[in-house]
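Comments concern the structure below.
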Amino acid sequence: MPRVTTKELFAKALEGKYAIGAFNVNNMELLQGIVEACEEEKAPLILQISKGARAYANPVYLMKLIEAAIELTSVPIAIHLDHGDSYELCKQCIDEGFTSVMIDGSHLPYEENVALTKKVVDYAHQRDCVVEAELGQLVGAQFDEGEEGGSFSKSGLYTDPDQAVDFVKKTGCDSLAVAIGNSHGAYKFPGAAKLDLERLQRIKQALVEAGLGDYPLVLHGASSVPQHLAEEINKYGGKLGQTSGVPEEDIEKARKMGCAKVNIDTDLRLAFTAGIRKSFAEKPENFDPRKYLGPARAMVKELVRHKVRDVVCCAGHAFD
Ligand code: G3H
Ligand code: 13P
Ligand code: ZN
């Protein structure tokens, strides 16, 4: 199956009221776990790569690994840049063959976010690439603190529905990441989980009323942080604090309200780490990396299977 853009995946997802899981890739085992689960479940897939992943693994290695996945797999796969922080990085990824890029100008003043996003859209659209943008700010650090281009918003800066309409019209971006109390990482809510789903509904409605149709919205920070994984990590020597994620029921509501893309990274990290820690604890005499990376990869695969079957519900929709 050739690589696809998210445009075609989103149109079908919105129609079918399911979402596409966008999973972060940093190494071969994570990629294999994700892709094997989606292949078996016949789930369309977005593989996303952050600036940090590119720095860690080298962009060439990552792209060659993804090309291998595409060659060995039948389900449609979009290759997406996660949180691109500059025009130059987006341009580089478009030139490398990404089918989708995110330009994250959410930390910039509004007009600067518009101008930067529009510049990326103009370049991308001439090259069959689509663009995700972000308006509003997620809760907490958007990037690692101190990282260039980072921003910090203690309580988040929620997306305004009317501004979202203006933003989409001015930039021509293909999908929009919203800030509705969502955040990255394993410590999302100090108390009860709280996403402003009513605001999400209003954003969607405003876009429809403005004539932009069933416009695809994106939910970042959509890991549910399963407690059994956090417990497993701690049982085998980890030191996680009081973790919390987005309840799966909230993802279901968001998907039904038109979030076509659901971003998951933290849960992959938890599954992978739990698998490695368990192997280390149970077989301390082992020093063959395949014997601990293999079980970790299997944990990632089962996690992704659960996500595509029961959370974003795109399983069985690969060939819609
Ligand atoms: O949104 C952030 C993603 O989880 C990527 O994280 O920048 O550490 O690769 P990263
Ligand atoms: P999580 O940290 O909730 O997995 O979110 C990942 C994400 O939004 C990547 O862009
Ligand atoms: Zn994100």
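The values are calculated or read from the model by the stated rules, or taken from the named source; none is laboratory data. Since this is a predicted model, take the numbers as computed values, not measurements. No Cβ is skipped: glycine too gets one built from the backbone with ideal geometry, and neighbour counts run over all protein chains shown. In case anyone asks, the SASA skips ligands and DNA or RNA and just uses the protein heavy atoms, side chains included. Shrake-Rupley method; radii C 1.70, N 1.55, O 1.52, S 1.80 Å.
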So if R0 is 45 Å, what FRET efficiency would Lys283 and Asp310 give, r being the distance between their Cβ atoms, rounded to the nearest 0.05? 0.90
Pairs Lys91/Lys169; Lys12/Lys256; Lys7/Lys204; Lys51/Lys301; Lys169/Lys204; Lys42/Lys307: which are spaced more than 20 Å apart, C-alpha to C-alpha? Lys91/Lys169; Lys51/Lys301
So what is the relative contact order for segment 14-124, in percent, with contacts set as C-alpha pairs under 8 Å and at least six apart? 22
Suppose a student asked you for the relative contact order of segment 223-320, using Cα pairs under 8 Å spaced at least 6 residues apart; what percent would you report? 30
Helix 6-16 axis, angle to the chain major axis (alpha carbon atoms, nearest 10°): 90
Report, in whole Å, the centroid distance computed from the Cα atoms of segment 210-225 and segment 264-320. 25
Multiplying the sequence separation of Lys7 and Glu248 by 0.36 nm and subtracting their Cα-Cα distance, what value in nm do you get? 84.3 nm
Positive-pole candidate from Ala37, Asn26, Ala69, dipole of the chain, charges at beta carbon: Ala37
Magnitude of the charge dipole, the chain, Cβ model with Lys/Arg +1 and Asp/Glu -1, debye to 20: 520
For the chain, averaging the sequence separation of alpha carbon pairs under 8 Å that lie six or more residues apart and dividing by its residue count, the contact order in percent is 22
Neighbour net charge for Arg202 - beta-carbon separation under 13 angstrom, K R +1, D E -1: -3
Helix 87-96 sits at what angle to the longest principal axis of the chain, using alpha carbons and giving 0 to 90 degrees rounded to 10? 60
Within the chain, the percent of DSSP beta bridges that are antiparallel, given to the nearest 5, stands at 10
What is the spin-label model distance, in nm, from Ala193 to Lys170 if the labels are put 7 Å beyond Cα along the C-beta direction? 3.4
Please report the projected area of the chain's Cα convex hull averaged over all directions, in nm². 15.3
What is the sum of charges, Lys and Arg at +1 and Asp and Glu at -1, for the other residues whose Cβ falls under 14 Å from the Cβ of Asp162? +2
Okay, helix-only estimate at 222 nm for the chain: each DSSP H run of n ≥ 4 adds -39500 (n - 2.57), divide by all residues, round to 500 deg cm²/dmol; what do you get? -14500 deg cm²/dmol
Using only the alpha-carbon atoms, how far is helix 197-209 inclined from the longest principal axis of the chain? Give it as 0 to 90 degrees, nearest 10. 40
Nitroxide proxy distance, nm - points 7 Å out along Cα→Cβ at Ala68 and Glu15: 3.5
Once neighbouring chains are kept in place and the probe is 1.4 Å, which whole percent of the accessible area of the chain is contributed by carbon and sulfur? 53
